[in-house]
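Following: one structure in structure tokens, then a few remarks.
The values are calculated or read from the model by the stated rules, or taken from the named source; none is laboratory data. Nothing here was measured: the structure is a model prediction, and the numbers come from that model. Here the Cβ is made from the backbone with ideal geometry for all residues, glycine too, and neighbour counts use every protein chain on show. Remember, those area values only see protein heavy atoms, side chains included, never the ligands or the DNA or RNA. Shrake-Rupley method; radii C 1.70, N 1.55, O 1.52, S 1.80 Å.
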Amino acid sequence: MGKWLFVHSQSINTESDAVGAVTVAPDFQIRMGFGTGNVVTRPTLQGGISAIYYAGSLFGGFLAGWFSDRYGRIKGIWAACAICFCGVILQTAAVNLASILVARIVAGLGVSFILCIAPSWTAELSPAAHRGNTIALTFLANFGGIAVAAWIGFGTSFTEMYGGEFRWRFSFACQMIPVALIFFTSLLAPESPRWLVKAGRGEEAYEIIALLRANGDRNHPEARQEYNEILATVELEKQHADTTYVKMFFGISSGKEHIGRRIQLAFWLQVLMQFGTGIASVVIYSGTIFEIAGYRGTQQTLLSACLMLIGILGTGVAALTLDRVGRRRTMYWGSIVLSIFLFIIGGLFRGSLNNPENAQAYGNAATAFVFLYLFVFSSSWLMIPFIYPTEIFPTWLRAKGNAFGVAG
């Protein structure tokens, strides 16, 4: 959640009274890329501080896949919590450019651990028929966290404590709460039965399967069938124990499995979702979009926070429809509608610039379509790139395969 908190808490505008602008000591202010009146003086630096988060995410995904296969899904989540906690502390206590850059990398590393492990763990605990719905609910919680971050940014915008530094330091510090919740609730969750069988703890794995599928009935045929399938899968995995990320990427020795093709699908689906759909610019820079539409100060920050609530609603729709409509059909209709909305939004903004006397009317219409855009995106494209990697790879490659999706 660090990327969202940083963007919302560090949203700097050319207006001196813009909500979310940070008023800090002159020396620190200059080092972070903005000067007197909270005007951005080094926009490339501002963008770089946000973007370097993803450098940590890129490497964290591959490390998480290896770690969770070696030590288990739950221990992987614990490692993620430890890294995230360090990232939170470093971001909250940042005193110069070097410290915030290092902190952002560490935060990205920790969050990518969770993004890689959680879907695989969820998929291995869920029945196949409901896997899509279950993972969609996982990311419903993710969007809920984004919404909380936006509302925290809105709430802290009314204070000038410690020269304005309280705004962004408090926003970063709040991340300790969800990190702690993840850690303590993971103590109550079962380990992946597939990983337990792989680790030679078959009896424990069967007990968990019986609890999940048959209310503890160890003689239930569904529980016995799933356990036997896991045994067969783990045996197959032993035959491919020398499989590495490099071999997977180039499809070496994958035979009819076509692992290389699956890697490309998992990777580029994420790229298309994060970049091709336009969601990065629409959500991360929603405050700037609303400013162009004529909204400033409290109105701008409030609209950004409300936008995240629309994302929660759309994610809930996805949880109810993905398994019924299917993955490809959902992407088809989502692509068509999102394309139309983006053209409309672009045209309305262009109209506001060409017709300044009607700029407010154009801006209001564009803002409405931004909300519609996010609803369609969160109910169509958002979930699929995270669900696909858990379904298209052989079970024995699921964690490593999902790492390529996170990297994408």
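A few notes on this one:
- Scan the stretch 294-311 for residues that are open to solvent by 50 Å² or more (accessible area, probe 1.4 Å) and part of a helix (DSSP H, G or I) and the total you get is 4.
- Filter result for A118 (open to solvent by less than 80 Å² (accessible area, probe 1.4 Å), within 18 Å of the chain's Cα centre (by Cα) and small (G, A, S)): yes
- G145 being without any contact (Cβ under 8 Å) to a residue 40 or more places away in the chain, in a helix (DSSP H, G or I), under 26 Å from F371 (Cα atoms) and of a type outside the set (S, T, N, Q): no
- Taking the stretch 315-340 as the range and being surrounded by 20 or more Cβ atoms within 10 Å (Cβ to Cβ) and within 18 Å of T367 (Cβ to Cβ) as the test, only L338 passes.
- Of the residues making up the stretch 172-210, those that are open to solvent by 70 Å² or more (accessible area, probe 1.4 Å), over 30 Å from Y53 (Cα atoms) and assigned to a helix (DSSP H, G or I) are K198, E203, E204, E207.
- Residues in the stretch 60-76 that are closer than 19 Å to E124 by Cα, open to solvent by 10 Å² or more (accessible area, probe 1.4 Å) and not aromatic (F, W, Y) were compared, and the one that is modelled with the lowest pLDDT is D69.
- Residues of the stretch 162-204 that turn out to be charged (D, E, K, R) and touching a residue at least 24 places away in the same chain (Cβ under 8 Å), as a count: 6
- Only a single criterion out of (1) in contact (Cβ under 8 Å) with a residue 24 or more places away in the chain; (2) open to solvent by less than 20 Å² (accessible area, probe 1.4 Å) is not satisfied by H130, namely (2).
- Looking across the stretch 247-258 at every residue that is open to solvent by less than 90 Å² (accessible area, probe 1.4 Å) and not in a loop (DSSP other than H, G, I, E, B), the one that is modelled with the lowest pLDDT is identified as G255.
- Residue in the stretch 125-132 that is closer than 22 Å to I384 by Cα and in a loop (DSSP other than H, G, I, E, B) present: yes
- Of the set (1) at pLDDT 85 or above; (2) charged (D, E, K, R); (3) within 24 Å of I74 (Cα to Cα); (4) touching a helix residue (DSSP H, G or I) at 6+ places or on another chain (Cβ under 6 Å), all apply to E237 but (1).
- Looking only at residues of the stretch 312-358 that are in a helix (DSSP H, G or I) and of a type in the set (S, T, N, Q), we find that the one that is farthest from L272 (Cα to Cα) is N358.
- Counting only residues that are open to solvent by 10 Å² or more (accessible area, probe 1.4 Å) and aromatic (F, W, Y), the stretch 77-115 holds 2 of them.
- Looking only at residues of the stretch 211-243 that are in contact with a Phe, Trp or Tyr (Cβ under 9 Å, 6 or more places away or on another chain) and of a type in the set (K, R), we find that the one that is least open to solvent (accessible area, probe 1.4 Å) is R218.
- Looking across the stretch 348-362, the residues that are small (G, A, S) and open to solvent by less than 40 Å² (accessible area, probe 1.4 Å) come down to G351, S352, A359.
- Residue that is modelled with the highest pLDDT, among those in the stretch 158-171 that are over 20 Å from G110 (Cα atoms), open to solvent by 80 Å² or more (accessible area, probe 1.4 Å) and outside any loop (DSSP other than H, G, I, E, B): M161
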